[in-house]
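Before any comments, here is the structure.
The values are calculated or read from the model by the stated rules, or taken from the named source; none is laboratory data. Just so it is clear, the structure is predicted and the values come from calculations on it, not from any experiment. Because the Cβ atoms are built from the backbone with ideal geometry, glycine has one as well, and the counts that use them run over all protein chains shown. Each accessible area value is taken on the protein alone, full model and side chains, heavy atoms only, with ligands, DNA and RNA left out. Shrake-Rupley method; radii C 1.70, N 1.55, O 1.52, S 1.80 Å.
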Amino acid sequence: MDRPDDPLALDFHAHKLPVAMNRPRITPPNIAVEPECWRRPALADAVVAGGGRVTTPPEAEALVWAEPAAPDLLSGVLADGPGIEWVQLPYAGIEILTHLLDRDHRWTCGKGVYAEPVAEHVLMLSLAGLRGMGRYARAKDWSPPEGRNLLGGRVTVLGGGGITDSLVRLLDPWDCTITVLRRHPAPMGGVDRVVGPESLYEALGDADVVVVALALTPETAGIIDTDALDAMAPHAWLINVGRGGHVVTDDLVGALATGGIGGAALDVTDPEPLPEEHPLWHLDNCLITPHVANTPEMGLRLLARRVTENVRRYIAGDDLLGPVDVDLGY
């Protein structure tokens, strides 16, 4: 999931770094690519393509981290590399690593890198949900008709950054009325209305489709609970491509089982992976994909492109893409 200054708005734009970081470099920077894993060769090539020199952590001034998790391993690599000043993390969602964030390093992550495939997945899940694909796929006989159009529908998105920008563009042919909820409301191209957190229930109640595309923070954890689900229309579908922790799972199970909402399409769950006998698997108004809105194969090419661009910017002394706000933790 994606946002440097607002947990209710995913953003990936470059932010200015201190003057010392903005000086052009004369020699290629030494950049470590760690740890050894299947992503490392492609990311090492991306460093070279950007003008950097791949080296070991003790010699490095920057680190491209190739493993989404492994916080203990990352801590050890940073300890071995006292000269490292910039760390590039691979994913937008970095909640498992936030305890390592400090002011001794400049941190960037994958904000916005994966927006296009995730937005495409949202569109697919929205159409499948509204058109009743969950029930049809499970049916054993010729079932009665059901379904609603996305065409001319109302879509509310929680979060206003890269995924939302891509989704708004993809929704253009459907002529939807789009509401975006974010921490600091500001006009967005192609969006009919941008509102703040105080308008959450109103924004939910207006929607045929509710999309969760947020960074997981203490403020956004459990944002979809019983009260939020009660605010949604009985036919509305919930689409979650943020993090499983945004939804109170037991509350969602209750709403789905009683017809409180039309259905849910989840690419992320809490817990994750979802246990085999969990009730969500047995609800025909629930669609589940196993955190594949952006697969590793899709994402590596996009991440490599971001690494190359940020290495070029690092050398030129330009602003880096995807900065992490240390105070906010994303």
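In table form, for the structure just shown:
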read-out	value
Test: V191 is under 28 Å from P323 (Cα atoms), crowded, with 21+ Cβ neighbours inside 10 Å, out of contact with any Pro (no Cβ under 9 Å at 6 or more places or on another chain) and of a type in the set (A, V, I, L, M, F, W, C)	no
Hits in the stretch 75-104 (condition: open to solvent by 30 Å² or more (accessible area, probe 1.4 Å), in a loop (DSSP other than H, G, I, E, B) and not acidic (D, E))	P82, G83, Y91, R103
Unique residue being in a helix (DSSP H, G or I), closer than 24 Å to G244 by Cα and modelled with pLDDT under 95 when the list is D165, D72	D72
Flag for R154 being of a type in the set (K, R), touching a Ser or Thr at 6+ places or on another chain (Cβ under 8 Å) and at pLDDT below 95	no
Subset of the stretch 105-144 (residues that are part of a helix (DSSP H, G or I), open to solvent by 70 Å² or more (accessible area, probe 1.4 Å) and touching a residue at least 12 places away in the same chain (Cβ under 8 Å))	E116, E120, M133, R135, R138
When residues of the stretch 275-330 are limited to those that are of a type in the set (S, T, N, Q) and modelled with pLDDT of 95 or more, the one nearest to G259 (Cα to Cα)	N285
Residues that are in contact with an Asp or Glu (Cβ under 9 Å, 6 or more places away or on another chain) and in a helix (DSSP H, G or I), drawn from the stretch 205-226	T226
